[in-house]
Every structure is written in C-alpha cells, then in structure tokens.
C-alpha cells in the first residue's frame, strides 16, 4: 500500500530519494575532506576507509529500508494506536516494520553501493574464492545485525515509551562508528562493539580479512566468516526482547 501511494507521485519520489542520497553522501564528503589533509587515518588509506564506509552504509541501508519504521513504535505505545495492530490477523512486528514504508531509503543503499564499488576499484586485493564469497555474506550478516538492533530498540520502547533517540544512538550512531577504522577508537569501545553489541562483525572483522589486515583485538581469522551466525544470535535475542515487550503492553492505561 505504501509503495503504491509513493509511486502515485513519482516526481516527489525521485526528489526525496535523491535528497536521501545527497544527505548521506555528505558523510563521505567529510571523510574525503579529512583525507585532503592527511595521507592515512590510523594507517588506513582512503580506499580502505571507503571500503568500511560502503559495507556499513549498504548493510545499514538495507536494514533501514526493511525495518527502519520501528522507531515509530513509541508513538503508537503512547497514544494507544498499537491496539489496532493487535487485532489484525498479521504479526505485529511485520505490521510495525511496514508502517509508512519509505521506498526513498533506497537512496542510502545506492549511495553506499557506489562508494563500495569505487573502493573496490582502487584497492589492491588478492581476490580468492573465500574473499569473493565473503562479500555478500558480510553484507547479509550486517543487515541482519542491524535489523536485530532495530527490533531490540523497539522492544525497549514498550518500557520507555519515548526512546526513539536512544534507539537511533545504536542504529544511526552504530553505522557512523563503523565507517572509521577500529584503530581510531579506544580498546574498551572496540571490545564493547565486538563482544557486547557485536557491530564489529558488520564490517570491521570481515573487512580485515579481505584487506589482509589483522583482525581487531587479535581475533582469529575464521571469525571473519561468522557474521551470519552472529546475526542469527542477535535476531534470536531481539525476538525474545520483542515478545517480552509485547506481553507487557497494557495500552494507554499502563
């Protein structure tokens, strides 16, 4: 329904999609401006940082496109309109994810894919079958990890009722964090996004294998291939949190 309503005004769709593309492109412009003054960032060249940026942007963009509307849940909890979703013969999670589905978010995915393609054309990588296989695997795994973060953030809104900005700190903030090399950050932060909220498996760990760099925190090389397993574990935990939050919902009388 939302796609049909969007395509009813195609000129508006094109302009908003381009606006989404341009707004996200300025993030990479900031990185290029930084490299106009330095040759490397913590030992990483511009194509290598662009590789991290592209992987993070594509994975997050796909998750944002599929399930990015979860941040609207807090508003529905506050005004009680979540009740209308509970009586429909469809999963509540799917209904919330599809609420006001924004096709314009394809602009972020497109922009990230272009940066990723540019970085691959500039990198000197010895491509092996395992590295070629790892490319789609890490993007799919990264998308799954970000989807889990969106769902977990939405589950927290059952308790907080107005926590969309807290959720954004881990979703939009997480993808911004991953656009830079792990060596830029303190070891404590790197450990946190590796073992607590495993965002490092979106791109830091698998990208290190592709680029021939040591994995963050000295992790073994085989951990580059566990992104899908990490995504499944995160989705399972997020699903449990969602079910617990939904059971605690008491409409506007809570």
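Laboratory data are not the source of any read-out in this text; all were calculated from the coordinates shown. Note that the structure is a prediction, hence the values are computed from the model and not measured. Backbone-built Cβ (ideal geometry, glycine too); neighbour counts: all protein chains shown.
Note on the stretch 1-78 and the stretch 201-248: Cα centroid distance 21 Å, given to the nearest whole angstrom.
For the chain, a Gaussian network of Cα nodes joined below 10 Å ranks 239, 142, 68 by mean-square fluctuation, and the top entry is 239. Between 122, 213, 37, the residue with the greatest mean-square fluctuation in the GNM of the chain (Cα pairs under 10 Å linked by springs) is 37.
On the beta carbon distance between residue 42 and residue 251, with R0 = 41 Å, the FRET formula returns roughly 0.25. Among 119, 69, 36, the largest mean-square fluctuation in a Gaussian network model of the chain (Cα springs under 10 Å) belongs to 36. A full extension of the chain between residue 172 and residue 78 corresponds to an added length of 31.5 nm, given 0.36 nm per residue minus the alpha carbon distance. Taking 0.36 nm per residue of separation and subtracting the Cα-Cα distance, full extension of the segment from residue 13 to residue 33 would add 4.2 nm. Shape call for the stretch 93-146 from the C-alpha gyration tensor, a ≥ b ≥ c root eigenvalues: rounded (a/c under 1.5), prolate (a/b greater than b/c) or oblate? Because a/c hits 1.5 or more and a/b fails to exceed b/c, the stretch 93-146 counts as oblate. In terms of packing, defined here as the mean over residues of other Cβ atoms within 10 angstrom, the peptides 96-108, 194-206 line up highest first as 194-206, 96-108.
The computed Rg/Rh (Cα atoms, Kirkwood Rh) for the structure shown corresponds, within (1) 1.00; (2) 0.97; (3) 0.95, to (1).
Its relative contact order, with pairs defined as Cα atoms under 8 Å and 6+ residues apart, puts the stretch 2-253 at 28 percent. Taking a quarter of the surface of the Cα convex hull of the stretch 1-106 gives a mean projected area of 9.1 nm².
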